Structure formats: structure tokens, C-alpha cells
1. Would you mind calculating the relative contact order of the chain from Cα pairs under 8 angstrom and at least 6 residues apart, reporting the percent as a whole number?
2. For segment 1-52, what log10 I(q)/I(0) values come out of the Debye formula at q = 0.21, 0.26, 0.29, 0.32 1/Å, with one point per alpha carbon and no solvent?
3. If you build the convex hull over the alpha carbons only and average its shadow over all orientations, what do you get for segment 20-116? Give it in nm² to one decimal.
4. Accessible surface of residue 58 in the full protein assembly, 1.4 angstrom probe, to the nearest 10 Å²?
Amino acid sequence: VQLQASGGGLVQPGEALRLSCATSRDIFSISTMGWYRQAPGKQRELVATITQFNNANYAHSVAGRFTISRENAKNTAYLRMNSLKPGDTAVYFCNARSEVGGWNYWGQGTLVTVSS
């Protein structure tokens, strides 16, 4: 397993969750790390990405509510999700891609359910 995602769960609207994605140092150090999500019956979509230089990019639907970060000492990327809405319900997938390394790895997905 190249990427290990965790942190999903069931929360109520307005609550928060933090997802984690751990990988090896060799992969983490030169990868752009990203989170994508796929809701039932929909295509997988970008949520956020962060480069090895800490440049972050967000989908419009989550900007201002979600924060992506990376912790080099732990070779782990995080997605902090605040003010969750029912529309955020999806399986969230971690991604690591690198043109230099020649890879595009996916984690196994973690389910986030936002419901009252």
C-alpha cells in the first residue's frame, strides 16, 4: 500500500473532521499531495492539492472551509474540513503524483458522511 488514508466518519452538519494520508518519505518528498472525492452517482472530483513547496489549491465548493496541509516529519498530508455540509458526503481519496518520480498513486478511500 503506497498511501494510507484515514479519518473519515459520520458527523452532523456544521461539524469538522480531519483526514490523514500517510506514505513513504521517498514518495512524499517529491509529490503533490491531493484529496479527491466521489459522491454516489457522481464522478470523482478534485477537493484540494498541495505541492512539495506548500502551494495549495482548492475547489470552489470547499474554499474557505477546508484546509490542506502537509507534515514533512511524518510524511503525511492532512485535510481539515470545517463547517461540513450534507453535500460534502462522499468517499474521499488521497492522491500522490509526481512528474519527476513518474507516479500517480491513489489511497483506498475513506467515507465521510454528513447527516443530521
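The values are calculated or read from the model by the stated rules, or taken from the named source; none is laboratory data. Just so we're clear, the structure is a prediction, and the values are computed from it rather than from any experiment. Remember, those area values only see protein heavy atoms, side chains included, never the ligands or the DNA or RNA. Shrake-Rupley method; radii C 1.70, N 1.55, O 1.52, S 1.80 Å.
1. On the way: 283 pairs, mean separation 43.0, N = 116.
After rounding, I find 37 percent.
2. The Cα Debye sum returns log10 ratios of -0.96, -1.18, -1.24, -1.26.
3. On the way: hull surface 25.4 nm².
Its average projected convex-hull area is 6.3 nm².
4. 70
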